[in-house]
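Written below as structure tokens is the structure these notes are about.
The values are calculated or read from the model by the stated rules, or taken from the named source; none is laboratory data. Every value quoted in this text rests on a predicted model; they were computed, and no experiment measured them. Cβ placement follows ideal geometry from the backbone for every residue including glycine, while neighbour counts extend to all protein chains displayed.
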């Protein structure tokens with residue numbers, strides 16, 4: 001440091017002017033020049049709009065400014081109190097699933113252009129539009145539907161808006177959902193439909209867990225706007241009678257809505273091929289880390305019919321041409337129908353949602369390709385079925401509770417062991433294992449039951465470690 | 001070949017194909033972790049357990065590319081995207097401030113990325129501490145008593161607040177009568193859209209011609225036994241602070257309604273004004289605006305709603321609490337509106353906002369507000385020197401807070417060039433285009449640049465200089481603007497598919513069907 005610049009620093013420190021590293025014009029020279037141009041003596045004059053009596057005159061109870069080093073040290077020390085799913089072995093899923101995230105996904109969503117862009121036109125943000133169109137297109141292939149929208153906050157919020165679409169299209173006020181639906185998603189659906197529609201639950205067969213068609217037939221009527229099913233279900237098994245459900249729904253003039261976990265579509269028939277009118281789901285498995293449930297990605301697809309398209313309460317990008325041959329352009333479909341233009345007439349809730357995660361999902365799907373998706377789904381099934389097999393050999397456990405094909409999650413019942421899921425999970429944690437989700441409060445009729453998730457990230461050794469620990473835990 | 005004009009800028013032109021046009025059959029960009037042989041032997045063919053009609057006949061028709069091809073494609077698309085880090089980006093009402101890199105690094109830590117939302121509470125004390133700290137700081141900044149970090153964006157937060165207003169009147173058995181939410185047209189559109197979605201009838205107040213905000217008498221006229229509440233933005237997107245707010249709150253409270261103030265424009269008033277102290281019952285902040293988290297190409301954002309003590313029991317569940325020893329997730333709120341999102345919030349952005357407030361401290365936040373307002377008023381002085389530009393309500397409000405909503409009406413009348421054309425031409429000069437205005441356009445031919453505290457004086461000067469150049473062109477050579485952009489990645493877009501169902505294609509498969517294989 002030269003002598004002169006040292007003096008300048010000392011002088012600035014003495015005048016206690018905060019010069020902030022993120023704020024270019026916090027240096028006195030720039031500030032003074034600008035104030036002079038504006039024609040005021042002090043910045044305070046610029047707040048003239050706020051009457052004195054409304055201003056907060058005291059000092060806020062926040063800490064003093066900190067350096068990057070201090071902040072890093074503090075936040076890292078705080079975060080160190082977390083124990084991650086790599087430090088432990090986790091078998092938790094239930095709406096946020098453990099899958100490997102290829103490094104390319106993190107690389108692309110860390111690109112500062114994607115990370116810090118917002119809402120420019122395609123002229124300035126061509127790449128953002130194209131990546132989002134590609135996201136729409138790849139989800140379209142997965143679910144076999146021609147229309148896919150901008151991404152939503154999460155599966156629950158997209159389900160809420162899908163149900164609202166059904167109300168709008170059919171002008172009816174009742175939604176039928178299976179009793180096996182995720183209780184949190186059901187709670188979210190209730191929030192979204194509060195005061196707008198009635199939600200009725202359809203029973204399941206006790207042995208197979210499958211949606212009970214007789215119960216569906218007895219409850220559906222000309223008041224029903226939509227019938228919704230999830231595949232795989234929240235409890236992990238596959239609904240196999242969905243074609244019949246579609247027929248029943250359509251014969252009453254109701255829409256058929258399907259919620260999906262996308263990786264299962266590497267191996268399961270796409271809902272567009274069994275009669276779905278609207279498909280929704282959770283894209284977190286497509287290249288997004290779990291982030292404590294904080295990186296979710298709802299997606300919505302529907303048939304390409306004007307009435308359905310015009311009821312989608314969120315943005316839709318279409319591909320188009322430009323004046324030049326060889327160029328792709330993009331534009332919004334029916335932009336006047338969204339909240340941004342129609343305000344209360346749009347009745348919508350979703351604005352800034354999850355585009356960065358959608359771009360990530362597009363990257364993930366293009367890395368895997370058709371064969372990768374097929375293979376991954378099979379590997380997941382093999383590992384989860386191996387876990388089911390090992391666990392079912394443990395005395396006192398019933399694995400799974402439902403006699404149906406499963407994908408990556410399955411139920412484990414502990415009733416015969418005399419132990420609660422909570423007690424079992426406490427023992428597992430001592431072995432460094434995060435056991436399945438405790439379902440005993442959400443589904444009391446299932447007794448002491450837990451929902452386990454096994455995917456490609458679990459090795460044979462992990463699964464065997466779980467089985468060994470469970471043997472100890474049930475003793 | 002387009003006729004590029006020398007502006008000193010040209011966007012990257014890749015003419016990048018749609019990813020479905022790239023690659024070759026049989027390629028792949030990812031090797032799936034394999035199942036151990038012993039497992040395969042042990043369980044046999046699991047796929048056959050799926051009944052035939054539920055087994056997918058052909059794999060999804062995804063693109064087939066190797067890893068380097070995928071990387072190149074998306075790197076190129078990123079290069080054709082204009083972020084805050086790319087250049088002058090002042091999309092108004094969005095507070096496009098710089099997002100510090102250290103916060104990205106912290107948010108991406110495996111200690112955040114690799115934890116599951118249902119882990120035993122004792123294994124996630126670190127992240128809960130960060131939730132709790134941020135909740136407390138937002139209370140301090142707003143004068144509210146409790147905060148929820150559940151909402152995923154601004155509109156989602158306003159919806160949550162509308163649900164709280166609904167739940168409150170329901171509990172008091174007045175919901176059947178109280179069916180109306182009052183808002184102001186200069187408030188963000190979600191202040192109408194979200195209460196509409198919650199089932200309310202929305203009554204919209206318009207600004208007075210002289211003051212730029214509604215007359216108190218207009219509010220009084222809108223108030224009735226049907227009033228459930230007032231939901232509005234303050235300061236407005238015009239950069240005007242509505243000083244009647246104290247009076248509004250009093251009037252609405254006397255009528256038995258609640259008041260929720262949208263604080264998405266809080267950047268300019270941080271540390272200087274606390275909406276809770278003025279009597280608002282509910283409010284929300286956008287972490288992706290005032291609190292520096294990146295906008296992510298339109299999300300994930302993150303928002304937070306604040307409530308006074310009397311309404312805290314209605315907040316969505318769960319909320320992070322501390323029992324003196326441990327942090328925990330509190331679901332015990334008998335009158336909660338329930339869930340508004342799955343799990344707990346946009347966690348990476350919660351970490352970023354926490355780190356940002358910690359870096360800034362009270363002193364830094366005051367500097368944020370001061371410099372943002374200096375920047376804006378400097379920009380206003382300079383823009384008013386540009387031919388054809390005016391600032392409505394200038395006489396009543398020569399000084400503005402976070403931004404100003406300008407008009408190019410004079411330019412349009414003189415030259416036929418309006419904001420749509422000017423915006424296309426901005427790109428030619430290497431600037432991000434400008435926010436016009438939410439609809440309806442109260443200001444004709446509007447533009448709304450918001451210079452947050454993180455933009456330099458030199459960039460503001462450059463921005464003004466470009467507008468001088470463009471308006472000069474409008475008066476002397478309008479053709480060059482009408483045919484713009486010339487230096488962008490693409491030329492003028494054909495918007496007809498936007499409203500034509502025979503042409504629109506939201507997916508590549510729909511495109512192929514509609515164009516009959518004609519790919520271009």
- Query: Which condition does residue B:505 not pass, out of (1) closer than 30 Å to residue B:373 by Cα; (2) within 13 Å of chain A (Cβ to nearest Cβ); (3) crowded, with 22+ Cβ neighbours inside 10 Å, if it passes all the others?
  - Reply: (1)
- Task: Answer yes or no as to whether residue A:361 is more than 7 Å from every other protein chain (Cβ to nearest Cβ), without any contact (Cβ under 8 Å) to a residue 60 or more places away in the chain and either in contact with a helix residue (DSSP H, G or I) (Cβ under 7 Å, 6 or more places away or on another chain) or crowded, with 24+ Cβ neighbours inside 10 Å (or both).
- Result: no
- How do the strands (runs of 3 or more DSSP E) wholly within the range A:167-257 filter down when requiring 2 or more residues that are within 14 Å of another protein chain (Cβ to nearest Cβ) and either under 26 Å from residue A:406 (Cα atoms) or over 25 Å from the mean Cα position of the chain (by Cα) (or both): which remain? A:224-231
- Residue check: is residue A:135 in contact with a strand residue (DSSP E or B) (Cβ under 8 Å, 6 or more places away or on another chain), in contact (Cβ under 8 Å) with a residue 24 or more places away in the chain and outside any helix (DSSP H, G or I)? no
- Query: If a residue has to be out of contact with any helix residue (DSSP H, G or I) (no Cβ under 6 Å at 6 or more places or on another chain) and either assigned to a helix (DSSP H, G or I) or surrounded by fewer than 24 Cβ atoms within 10 Å (Cβ to Cβ) (or both) to count, how many in the range B:95-108 make the cut?
  - Reply: 6
- residue A:82 being buried (at least 21 other Cβ atoms within 10 Å of the Cβ), modelled with pLDDT of 95 or more, at the interface with chain B (Cβ under 8 Å from one of its Cβ atoms) and more than 30 Å from residue B:79 (Cα to Cα): yes
- Task: Under 9 Å between Cβ atoms, at least 6 apart or on separate chains: pull out the pairs that start in the range A:231-254 with a residue that is without any contact (Cβ under 8 Å) to a residue 12 or more places away in the chain and end on any residue that is part of a loop (DSSP other than H, G, I, E, B).
- Result: A:251/A:220
- Message: If I ask for residues that are surrounded by fewer than 24 Cβ atoms within 10 Å (Cβ to Cβ) and within 30 Å of residue B:405 (Cα to Cα), which ones from the range B:156-183 would you list?
- Response: B:180
- Residue check, residue A:26 closer than 29 Å to residue B:398 by Cβ, free of Cβ contacts under 8 Å to residues at least 12 places away in the same chain and either surrounded by 15 or more Cβ atoms within 10 Å (Cβ to Cβ) or not assigned by TED's automatic domain parsing to the domain that holds residue A:387 (or both): yes
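Yes/no matrix, rows are residues, columns are (1) out of contact with any helix residue (DSSP H, G or I) (no Cβ under 7 Å at 6 or more places or on another chain); (2) surrounded by fewer than 20 Cβ atoms within 10 Å (Cβ to Cβ); (3) not in a helix (DSSP H, G or I):
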position: B:392; (1), (2), (3): yes, no, yes
position: B:395; (1), (2), (3): yes, yes, yes
position: B:424; (1), (2), (3): no, no, no
position: B:440; (1), (2), (3): yes, yes, yes
position: B:474; (1), (2), (3): no, no, no
position: B:489; (1), (2), (3): no, no, yes
- Message: On the basis of being in a helix (DSSP H, G or I), modelled with pLDDT of 95 or more and either in contact with a strand residue (DSSP E or B) (Cβ under 9 Å, 6 or more places away or on another chain) or surrounded by 24 or more Cβ atoms within 10 Å (Cβ to Cβ) (or both), does residue B:141 make the cut?
- Response: yes
- Query: Quick one: is residue A:122 facing chain B (nearest Cβ under 7 Å) and surrounded by fewer than 22 Cβ atoms within 10 Å (Cβ to Cβ)?
  - Reply: no
- Task: Mind listing just one residue for me: the one in the range B:224-246 that is over 23 Å from residue A:46 (Cα atoms) and surrounded by fewer than 20 Cβ atoms within 10 Å (Cβ to Cβ) and, of those, nearest to the other protein chains (Cβ to nearest Cβ)?
- Result: B:226
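Residues are listed down the side, and each one gets a yes or a no for (1) surrounded by fewer than 24 Cβ atoms within 10 Å (Cβ to Cβ); (2) farther than 30 Å from residue A:181 by Cβ:
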{"site": "A:101", "(1), (2)": "yes, no"}
{"site": "A:110", "(1), (2)": "yes, yes"}
{"site": "A:130", "(1), (2)": "no, yes"}
{"site": "A:138", "(1), (2)": "no, no"}
{"site": "A:159", "(1), (2)": "no, no"}
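Residues are listed down the side, and each one gets a yes or a no for (1) modelled with pLDDT of 95 or more; (2) in a loop (DSSP other than H, G, I, E, B); (3) closer than 27 Å to residue A:122 by Cβ:
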site: B:39; (1), (2), (3): yes, no, no
site: B:42; (1), (2), (3): yes, no, no
site: B:53; (1), (2), (3): yes, no, no
site: B:58; (1), (2), (3): yes, yes, no
site: B:61; (1), (2), (3): yes, yes, yes
site: B:68; (1), (2), (3): yes, no, yes
site: B:71; (1), (2), (3): yes, no, yes
site: B:77; (1), (2), (3): yes, no, yes
site: B:81; (1), (2), (3): yes, yes, yes
- Can you give me the number of residues within the range B:159-169 that are within 18 Å of residue B:319 (Cα to Cα) and touching a strand residue (DSSP E or B) at 6+ places or on another chain (Cβ under 9 Å)? 3
- Taking the range A:444-462 only, how many residues are touching a strand residue (DSSP E or B) at 6+ places or on another chain (Cβ under 9 Å), touching a residue at least 40 places away in the same chain (Cβ under 8 Å) and farther than 18 Å from residue B:114 by Cβ? 4
- Note on the structure: Residue hits (the range A:34-66; more than 7 Å from every other protein chain (Cβ to nearest Cβ), part of a loop (DSSP other than H, G, I, E, B) and at pLDDT 95 or above) are A:39, A:40, A:41, A:42
- Task: Those residues that are more than 7 Å from chain B (Cβ to nearest Cβ) and closer than 15 Å to residue A:125 by Cβ, I need them from the range A:320-340; list them, please.
- Result: A:330
- Query: Which condition breaks for residue B:213 when tested against (1) part of a loop (DSSP other than H, G, I, E, B); (2) surrounded by 24 or more Cβ atoms within 10 Å (Cβ to Cβ); (3) in contact (Cβ under 8 Å) with a residue 40 or more places away in the chain?
  - Reply: (3)
- Message: Name the residue that is nearest to the other protein chains (Cβ to nearest Cβ), counting only residues in the range B:118-134 that are under 22 Å from residue B:303 (Cβ atoms) and surrounded by fewer than 22 Cβ atoms within 10 Å (Cβ to Cβ).
- Response: B:129
- Restrict the check to the range A:88-97 and report whether at least one residue is more than 7 Å from every other protein chain (Cβ to nearest Cβ), free of Cβ contacts under 8 Å to residues at least 60 places away in the same chain, over 24 Å from residue A:356 (Cα atoms) and in contact with a helix residue (DSSP H, G or I) (Cβ under 9 Å, 6 or more places away or on another chain). no
- Scan the range B:385-398 for residues that are over 25 Å from the mean Cα position of the chain (by Cα) and either at the interface with chain A (Cβ under 8 Å from one of its Cβ atoms) or closer than 22 Å to residue B:207 by Cα (or both) and report the count. 8
- May I ask you to list the residues in the range B:492-520 that are closer than 24 Å to residue A:336 by Cα and in a loop (DSSP other than H, G, I, E, B)? B:492, B:494, B:495, B:500, B:501, B:502, B:503, B:504, B:505, B:506, B:507
